[in-house]
Amino acid sequence: MPSPIASAQPYDLIGLGFGPANVAVAGAILDKWAASDSKDSNSHLPLEQVLFIERQPEFRWHPGMLLPNSRMQISFLKDLATLRSPQSPITFLAYLHSQGRLLNFINRGSFTPTRKEYADYLSWAADYVQKRGIQVNYGEEVVAVSRCDDGTVEIRSRNLASGNEFCRRARNLIVSPGGTPKLPPALTVHWPHPRIFHSSSYISSADTFFSSLPGSSEPLRIAVIGAGQSATEVLLDLHGRLNALPVSGGRKHELDMIFRKGSLKPSDDSPFSNEIFDPASTDFMYQLPTQRDRQNVLQEYNPTNYSVVNVNTIDSFYEVMYHQKLMEGIKARTGREEQTYRTHITLRPHTSIYSADIVPGSSAEASDSIRLTLHGVLTRAVSQKTYDAVFCGTGYDRDSWMRLLACSNIASSFGIMSPSIQLVPETEAHTPGVLPLFADLDDVESRTSGSSSTDGFSTPPTPNTPHSHHSPLSGESQRSRVRISRTYRLLPERDSSREQLPEAKEPRVYLQGCTQSTHGLSESLLSIVGVRAGLVVDELWDA
């Protein structure tokens, strides 16, 4: 293998990932450049050479869920910059003005754009900052980071198209990992599989699945796992697609929604509850004295975001279910049935997936099926059903940064002793080393952290399954206790038993979008990306 291509001079800043969080950082840097009197002088600006490395081949934001007419759940004013600086050139209003739609948007009389429009806004902002000097390398995957003797951080990346490797150094590093699809443990062992899908790639996956079907009129059986916004939107879209597929002999397609709660729960978007996403609430959360206090707050406000559904979506779904009852009643009374009523939806609440098996097709042309063993979390009843496809709306993991840093020599700088990390505020009483994970705390945290699925607190626990990992393994029952500042910077561990660089030479590493346990519910959302970016860039600029 050829040696990695090395850069000659270190960058002032390298950002890992180029989603909304780091686009907001790039916008804050542009504002600093514009306000600096020395931009055209020979002096070196604090953040002059900036690079972001992104795995995707181009800017993308949830492309799998840009369903027709789906709307954002937050105001357009909580964009990449308005709460930090309304004069910024990358606000949503600036985007509308540049596209000639500002008056049309005002005439809509709504604060919530469609998801499609917001995705276009984010793409426009990403393009805007690039055209003004921010470097972005798309199509590169970061494979390793390491600390250098001069206090810089070395980042190794690989171009996914050519296979070429690159080695770059930076004085500062921002890690914005985004989320990776999370599936139930029983399905994870079979994924990726052509009949198991996650909502993150729903549109393309559904298109591929339906285009691969033979031209027969056999009914399909499809499962949707989850009870949150994504799962509900996926189910409604699948209902429309299935109703468009002819089926013979008076039979119907079967569409099952499997979830552990008792019913779909509405999201709490009332004004007082929404204040939990304000920057002031981040201050409040960060300053709480103990981990248990922060977990209690996360638990209280869990219904604002996790495993809940927008009330308008619930109303639409209930109309579909009511229409299904109406059609069944008409058929029972008259014996007649509408030709467009081809799909039967079954809700399966209080149900978890115990195991999953791949059932090979009956012929070389036939596709595999997925047999799910289902467990009633209240009745303890066990049943099995075979599906042609399984779609999961079960949230995301946000812990890839832990593995990246734990495998690096940077780990010793921050007291990272395992790939399982517990972030703590710098103000919290500090005990060197690792902290045992007690079962009761682990159960709460696993349902409130940004790395967890979207199941809610009221849900009964899922039993251990053949593929689950609920029981701690050797070396996995402890977490490294790592301090983080209010401005999202990982703080060096001060331990006399380790050789350490002087303070000025310690690499500065910042986290974006994965600090919910210390900074609150807004961390993995869009609500404060602009304010958070401003805090980070201000600190880097003055360093």
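Computed values, structure above
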quantity: Test for residue 286: is it open to solvent by less than 20 Å² (accessible area, probe 1.4 Å), touching a residue at least 12 places away in the same chain (Cβ under 8 Å) and outside any helix (DSSP H, G or I); calculated: no
quantity: Region 198-219, subset open to solvent by 20 Å² or more (accessible area, probe 1.4 Å) and in contact with a strand residue (DSSP E or B) (Cβ under 7 Å, 6 or more places away or on another chain), residue nearest to residue 354 (Cα to Cα); calculated: 200
quantity: Considering residues of region 95-138 that are among the hydroxyl-bearing types (Ser, Thr, Tyr) and in contact with a strand residue (DSSP E or B) (Cβ under 6 Å, 6 or more places away or on another chain) only, the residue nearest to residue 33 (Cα to Cα); calculated: 138
quantity: Count of region 267-279 residues which are in a helix (DSSP H, G or I) and more than 16 Å from residue 515 (Cα to Cα); calculated: 5
quantity: Residues of region 522-537 satisfying the condition of being of a type in the set (S, T, N, Q) and open to solvent by 10 Å² or more (accessible area, probe 1.4 Å); calculated: 524
quantity: Unmet requirement for residue 107, which otherwise passes all of (1) surrounded by 14 or more Cβ atoms within 10 Å (Cβ to Cβ); (2) assigned to a helix (DSSP H, G or I); calculated: (1)
quantity: Leading residue by the ranking (modelled with the lowest pLDDT) among those in region 168-224 that are within 16 Å of the chain's Cα centre (by Cα) and hydroxyl-bearing (Ser, Thr, Tyr); calculated: 180
quantity: Matching entry among 152, 112, 91 (being in contact (Cβ under 8 Å) with a residue 12 or more places away in the chain, under 22 Å from residue 64 (Cβ atoms) and polar (S, T, N, Q)); calculated: 112
quantity: Flag if residue 508 is out of contact with any Ser or Thr (no Cβ under 6 Å at 6 or more places or on another chain), more than 30 Å from residue 268 (Cα to Cα) and modelled with pLDDT of 90 or more; calculated: yes
quantity: Hits in region 220-238 - residues which are closer than 30 Å to residue 335 by Cα and open to solvent by less than 30 Å² (accessible area, probe 1.4 Å); calculated: 220, 222, 223, 235, 238
quantity: Every residue from region 134-160 that is at pLDDT below 95 and open to solvent by 50 Å² or more (accessible area, probe 1.4 Å); calculated: 147, 149, 150
quantity: Candidates 208, 232 - the one that is of a type in the set (S, T, N, Q) and in contact with a Ser or Thr (Cβ under 6 Å, 6 or more places away or on another chain); calculated: 232
quantity: Yes/no for residue 90 being in contact with a helix residue (DSSP H, G or I) (Cβ under 6 Å, 6 or more places away or on another chain) and under 30 Å from residue 304 (Cα atoms); calculated: yes
quantity: Qualifying position, being within 25 Å of residue 378 (Cβ to Cβ) and either open to solvent by 20 Å² or more (accessible area, probe 1.4 Å) or assigned to a loop (DSSP other than H, G, I, E, B) (or both), among 264, 255; calculated: 264
quantity: Selection within region 49-71 - open to solvent by 20 Å² or more (accessible area, probe 1.4 Å) and either under 16 Å from residue 24 (Cβ atoms) or of a type in the set (S, T, N, Q) (or both); calculated: 49, 54, 56, 59, 61, 69
quantity: Total residues in region 171-192, condition surrounded by fewer than 18 Cβ atoms within 10 Å (Cβ to Cβ) and of a type outside the set (A, V, I, L, M); calculated: 5
quantity: Which numbered condition residue 513 misses (of (1) assigned to a helix (DSSP H, G or I); (2) open to solvent by 10 Å² or more (accessible area, probe 1.4 Å); (3) modelled with pLDDT of 90 or more; (4) among the small types (Gly, Ala, Ser)); calculated: (1)
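The values are calculated or read from the model by the stated rules, or taken from the named source; none is laboratory data. Remember, predicted model here, so these are calculated numbers, not experimental data. Quick reminder, even Gly has a Cβ in these numbers, built from the backbone with ideal geometry, and neighbours come from all protein chains shown. Quick note on the areas: whole protein, heavy atoms, side chains included, nothing else; ligands and nucleic acids left out. Shrake-Rupley method; radii C 1.70, N 1.55, O 1.52, S 1.80 Å.
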